[in-house]
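A short worksheet on the structure shown next.
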Amino acid sequence: MPGRNHLIDLARISSMLIVVVFHSLLWQVLLVDGQVQVVPWAPGPVLWAISWVGTIIPVFFVAAGYANAVVVDTWRAGGQPYASFLTRRGSRLLGPMTLFLALCTVVASAAAWAGRAAQASALSRQFAQLLWFAVVYELLLAAAPLAVWLHDRFGAWVMLPMLAGVVAVDAAVRVTGDLGLQWLNLALAWPLAHQWGIAYHRGWFRGWSVRWLLILVAGAAALIAVLVFGLGYPPAAVAWADVLVANLLPPTLAIVVLGFAQTCLLGLAERAGVAARLGERAAGVVRLANSLLLTAYLWHIPAIVVSAGLLVGLSLLWPWAAPILMNALLLVALVLVVVAATVPWIARVELRLIPRLGPGVPARGLAETGYALFAAGTWASWQFGSVLHPSDPLGVLAVGMFAAGALVLRRATTRTTPTAPSPS
């Protein structure tokens, strides 16, 4: 069991590492005739093909399903109400999300009140696009007890409607030409991957024979090839300047198939004993890194901006060194160093913002209301940004909704009744 948990943690860490590297390479920062230029990267067909191997974001949601199954089993054994589950799990998100959105709101609002309201609102909305991940994660967390119960009650039958929904959305996109419909798959593809994680915890994938796992991986690869070359799906797993519409965000059937193959590979890795014999020190590092993943995700974009700005500044100061300083691989390395150096310190601040659990159970309805507002506020911030200025009422609404949810959830977490109510 510890080896399996370490394998799941390593899968999540690998997913986040690839996200940081990909976002570092998404834009090229160039110095042309002494002028700084930022242009989107167009890597070409070789990187398109490699993206199908390197894109392991689906594994993160598989790992989340596995972790949630562990937590739900423990919560069930304690016999506590759903509100206790929300406060124990949801309150851990309050620190990272509150600190991040508070700083974003302060910076954007200050720019707006300084006379740059339109630009502040536009940049705030653009920067907040990374919150799609937090929205999906928060909703999957809230639905975890139901998802685990559905798997235990119905098994694979729970997954079939989600898979059919992904197919239906993809078909509708291709028939109507409306790419906006593809976003519906956020509510289908990632819950399906989450369900695979629950199934993995219950013995799926890791309990299958090596022969069948290899057959399934090969079949998934063949199906992706059919989707790309036969049915016109985008040629890369992710989006670049030369692949404006990709498969990852919003997800398509191709990325779902990729996620299934990766879950099979996870089962193969466990069968091979990967991570089964980690030393205590290595296991401690893995646990620590896993606990910092949300912080790393939220702050890696500022780390990219700071790192790129530093390299640009040094290139302008020492033009002779610009060919080295402006190398994309140097940027990636610097971003990873900045993330590794700063995230633990940011996490210390976040930890102080996480409320301490009360000794009993939350008041009826308080945790549910707080978490609902908290998730809705995160979604609104993703859609509308977070600017407190009269010219941006939707931004004000987003900030207010998030703040209200955070305060109510905090109160539900800390102000509890001393004992659980007696069952009726």
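The values are calculated or read from the model by the stated rules, or taken from the named source; none is laboratory data. Keep in mind that what you see is a predicted model, and the values were worked out from it rather than measured. For neighbour counting, all protein chains shown are included, and Cβ atoms are generated from backbone atoms with ideal geometry for every residue, glycine included. What goes into the accessible areas is simple: the full protein's heavy atoms, side chains included, and nothing from ligands, DNA or RNA. Shrake-Rupley method; radii C 1.70, N 1.55, O 1.52, S 1.80 Å.
Structure above, values below:
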quantity: Separation between Cα centres of segment 214-228 and segment 287-365, rounded to whole Å; calculated: 36
quantity: Alpha-carbon gyration tensor eigenvalues x 5, square-rooted, for the chain, Å; calculated: 33, 30, 22
quantity: Contact order relative to length of segment 232-283, as percent, for alpha carbon pairs under 8 angstrom and 6 or more apart; calculated: 19
quantity: Whether segment 46-85 is rounded, prolate or oblate, judged on the alpha carbon gyration tensor where a/c under 1.5 counts as rounded; calculated: prolate
quantity: Where trypsin sites (Lys or Arg not before Pro) fall in DSSP loop in segment 309-386, at most 10 other Cβ within 10 Å; calculated: ARG356
quantity: Solvent-accessible heavy-atom area per residue, rounded to whole Å², over segment 145-243 at 1.4 Å; calculated: 48
quantity: Mean accessible surface per residue for segment 1-86, computed with a 1.4 Å probe while every protein chain stays in place, in Å²; calculated: 44
quantity: Tensor-based shape of segment 12-107 (alpha-carbon gyration tensor, a/c under 1.5 rounded, otherwise prolate or oblate); calculated: oblate
quantity: Value of relative contact order over the chain, rounded to a whole percent, pairs C-alpha under 8 Å and six or more apart; calculated: 28
quantity: Percentage relative contact order, segment 322-414, counting C-alpha pairs under 8 Å, at least six apart; calculated: 32
quantity: Sum of side-chain charges, PHE61 neighbourhood, beta-carbon under 14 Å (Lys, Arg +1; Asp, Glu -1); calculated: 0
quantity: Whole-Å semi-axes of segment 51-177's equivalent ellipsoid (Cα gyration tensor); calculated: 34, 25, 12
quantity: Local electrostatic count at TRP149 - Lys and Arg +1, Asp and Glu -1, tallied over other residues with Cβ under 13 Å; calculated: +1
quantity: Kyte-Doolittle mean at least 1.0, axial Cα span of 18 Å or more - DSSP H helices of the chain; calculated: 57-78, 132-154, 159-176, 210-225, 253-271, 293-317, 328-353, 393-414
quantity: With every protein chain in place, the chain: carbon and sulfur % of accessible area (1.4 Å); calculated: 71
